[in-house]
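Laboratory data are not the source of any read-out in this text; all were calculated from the coordinates shown. Worth saying up front: this structure is predicted, and the values here are computed from it rather than measured. Neighbour counts run over all protein chains shown; Cβ positions are idealised from the backbone, glycine included.
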Amino acid sequence: MKDTRKKINGLLALAIMGVGFTMAPTMTSALTLPQPSAIAPDALDLTNIFEAASGGNSRIIDEGVGQSVVVTDNSLNQVGAIFSTDDYRIKLTEDYHARFALYFGSSDPSNAGDGMAFVIHSDPKYAKQVLTEAKGQRLGVYGKDTVSNKGANAIAKSFAIEFDAFANQDYKTADGANFDYPFDLSKEKNHIAYNYPSKAETYIENSEGGFLGIGATKSVRLSHNNLQTKKFVDNKWHYLDISYEVSLNQLTYQFDNLPPVKARTANADFGGANDLYWGFTGATSQRSLNQKVRFVELPGLVNAEISMSAEVATGDGLAWSKLPNGTVVEPNQRVKHTASLHYNDGKQGWVRPQVQIPLDVNEELVPNTTQYSSADNRNFKISDDDWIVGADGQLTLKTTVPDLNGVKYFTDVTYETRPKNVKTETTVTNTYDVIGKNLIKNLETKPTYKIAANKKPVIRWPDAYKSFEIGRSEVIETYANVSDVDSDSIDVFYRLNSAPYKKFGTVKGKQKEAVKVPFEIKGTDLVEGKNTIQVVATDSLNADSEIDVGTIASNVFLVGKLEMMSIPNFSFGDYTIDQLPQTAKITVDKPLIVSDFREKNQTWKLYAQMKTPFKNEDDHIGFVEGFTYTSPISGATVSDISNNTLIIEGKSGGKEETLTVDQLQDSFKLTIPDGIRSGNYTGIITWTFSETP
């Protein structure tokens, strides 16, 4: 029992030492990093900045915009590394910030292995060559994973953040497969943690089974500071953000949307060195991964700032005033945008900065207004062809401006837009990115303004409430006054009673002064008595003008009339007299139509009278008699129409009475008597209405 107590005390002491070494992470507010994506992000050119370590499988390739580092291919038992050159080591005496995109391939996570590590160190040897033996769970950076040599031969004086795709927890076997014991990685094997690969405290001897240490299975596990789990073997690029605060000797990292983690990295951890190599290592084993890194932002290489501002045209459009965030702008106002690039300092100038400005969907570009200015106050036109139409139909400016450096230290890119019409007040957010060979900048503070809501068109009908007295065959010639200050066009409609709206015109919008739009109302479309007319305008955003009965609805009164809607002409043609008497058939050019839209219970009669007998060109009376009429309705025949003869009669009530051409031709006949002279004969028939109440 005495020995047992000593053993227990020893175990407790060891546990306390472990706790003393493990630093509790300090959390900070999370960044909003881009979402993981299958599309590789834009990245920097690494020429003369980073180099693949010799003896391994890593290499730098051109891929998309910028370059990628292939840390390991999707092959077994590989190891690789890439580290900064001597001239681009980071300094522990300066703050720094970097951002990377990490890709772990699309393997089945259960067969993926092993992973990568972000490494900072002061070991010149392994800045140039890989740690070839550090395959599998050693991830190209860790020391030996056996009890007899635990932690030996790691990259010296180093700090690492591991991105381990596989959970090494085979404690029932011999050494070399238990770095991740005893953490619970049953739900997600992919995990992230930080530690110090060259420190002995990082490697902990693990013992399983046996009795009092006799016959136990021993192995080596790693200290995992601030263990986090997240699936990252998913064929997507994931983001790693790293920053260092020299005043605190504190490094902060954040992987995707996981909480940020802080760790102390004093120069004592690096053998007293202040200039440190940094980069990535990676390895595979009997499992493999296609592992790549893209460098999105690097510290100290180029220090530059970008910003954006806007102005709005005032007065006659020749002057400009600042446009504070949230200001409401009318659709017909011009807005001038300025994207400013400013180079501060760095180890290099800003090489080939390409400005990429997406046009907001609610803006339209003013042609021939895009230009850039330089530090010597010269302006240079940028072709509208540099505005590229994307797959979504929106414009994006992609133009490369001259390199920026200590002499040419700034440039402004300006362009003008007009807000589009919007149904409701809409916020416009302007932004841009600069993709340079050695620096990528994304605008952080994005200016905004608001587009005023589309204003409804205005329509007025000057003839509202005017009384019209028209006949059935007449029309009302009238017009509407239409105006709209912000729409592209306006369609104008009128509605008679309950009938559907009829379009009667389209006018150009964005006019403050009213435009006169004529239209007609046909008497044949009106009903007896009171008629209601509504007039409405609809703009190009489908906004309707107000329909106010007191303003644009009118009562039209149709005054009933008795009218001859169609009066025919009669002709008997040419006849050769070879035998008399002879009957001539009449020719009629149109029907006889009588319209009566007076109030009901009124009658009318139509009479015809041979007012002037047939005469020839010598004024010789040829004949008076012989012109007969047979009523097509009653069948009665009148042989002499020198007196008023009833032709047709009817009643009022909104209807028409008609004698067709055939009826008329069958009703009128002319008998040519004996003794008639040859010649042209013309007579006059008078038609008379008889109206009765």
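In table form, for the structure just shown:
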| quantity | calculated |
| --- | --- |
| Packing rank of 218-231, 659-672, where each peptide gets the mean count of other beta carbons within 10 Å, highest leading | 218-231, 659-672 |
| Mean Cβ count within 10 Å, highest first, over the residues of peptides 264-277, 429-442 | 429-442, 264-277 |
| Taking TYR244, TYR142 and counting other C-beta atoms within 10 Å, the order from fewest to most | TYR244, TYR142 |
| Whole-number percent relative contact order across the stretch 50-297, with pairs defined as alpha carbons under 8 Å at least 6 apart | 35 |
| Net charge of neighbours whose Cβ lies under 13 Å from the Cβ of LEU439, counting Lys and Arg as +1 and Asp and Glu as -1 | -2 |
| Relative contact order for the chain, counting Cα pairs under 8 Å that sit 6 or more residues apart, in percent | 11 |
| Debye-sum result for the stretch 389-532 in log10 I(q)/I(0), which assumes one identical scatterer on each alpha carbon, at q = 0.09, 0.12, 0.18 Å⁻¹ | -0.55, -0.73, -1.13 |
| Sum of side-chain charges, ASN569 neighbourhood, beta-carbon under 13 Å (Lys, Arg +1; Asp, Glu -1) | 0 |
| Centre separation in Å (Cα based) which lies between the stretch 62-77 and the stretch 340-396 | 31 |
| Size of electric dipole in the chain: Cβ of Lys, Arg +1 and of Asp, Glu -1, about Cα centre, debye, nearest 20 | 2900 |
| Stokes-Einstein diffusion coefficient of the stretch 163-313, Kirkwood radius over Cα pairs, 37 °C, 0.692 mPa s, in µm²/s | 175 |
| Highest to lowest packing among 384-397, 486-499, 245-258, scored as the average C-beta count within 10 Å | 486-499, 245-258, 384-397 |
| Charge-dipole axis of the chain as Lys and Arg at +1 and Asp and Glu at -1 on Cβ define it, positive-most pick from PHE183, PHE572, GLY393 | PHE183 |
| Partner lysines for LYS512 [C-alpha distance under 20 Å; skip if fewer than 8 residues away on the same chain] | LYS420, LYS423, LYS455, LYS456 |
| Rg to Rh, two decimals, where the chain supplies the alpha carbon set and Rh follows Kirkwood | 1.40 |
| For VAL130, VAL527, order by how many other beta-carbon atoms lie within 10 Å, fewest first | VAL527, VAL130 |
| Dipole magnitude (debye, nearest 20) for the stretch 86-149, charges at Cβ of Lys, Arg, Asp, Glu | 120 |
| Neighbour cut-off at most 13 other Cβ (10 Å), DSSP loop, GluC sites (Glu not before Pro), the stretch 429-488 | GLU444, GLU469 |
| Prolate/oblate/rounded label for the stretch 243-354 (Cα gyration tensor, a/c 1.5) | prolate |
| Residue-averaged 222 nm ellipticity for the chain, from DSSP H runs of 4+ at -39500 (n - 2.57), nearest 500 | -1500 deg cm²/dmol |
| Relative compactness, the stretch 50-297, computed as alpha-carbon Rg over 2.2 N^0.38 Å | 0.96 |
| Alpha-carbon centroids, the stretch 430-479 and the stretch 210-239: separation in whole Å | 63 |
| Sparse-neighbourhood loop sites, GluC sites (Glu not before Pro) in the stretch 101-190 - DSSP loop, at most 16 other Cβ within 10 angstrom | GLU133, GLU188 |
| Filtered trypsin sites (Lys or Arg not before Pro), the stretch 373-420: DSSP coil and at most 15 other beta carbons within 10 Å | ARG378 |
| Length-normalised contact order of the stretch 289-387 in % [C-alpha pairs under 8 Å, at least 6 apart] | 25 |
| Net charge of neighbours whose Cβ lies under 12 Å from the Cβ of SER483, counting Lys and Arg as +1 and Asp and Glu as -1 | +3 |
| Farthest toward positive dipole pole in the chain [+1 Lys/Arg, -1 Asp/Glu at C-beta], among SER373, ILE120, ALA584 | ILE120 |
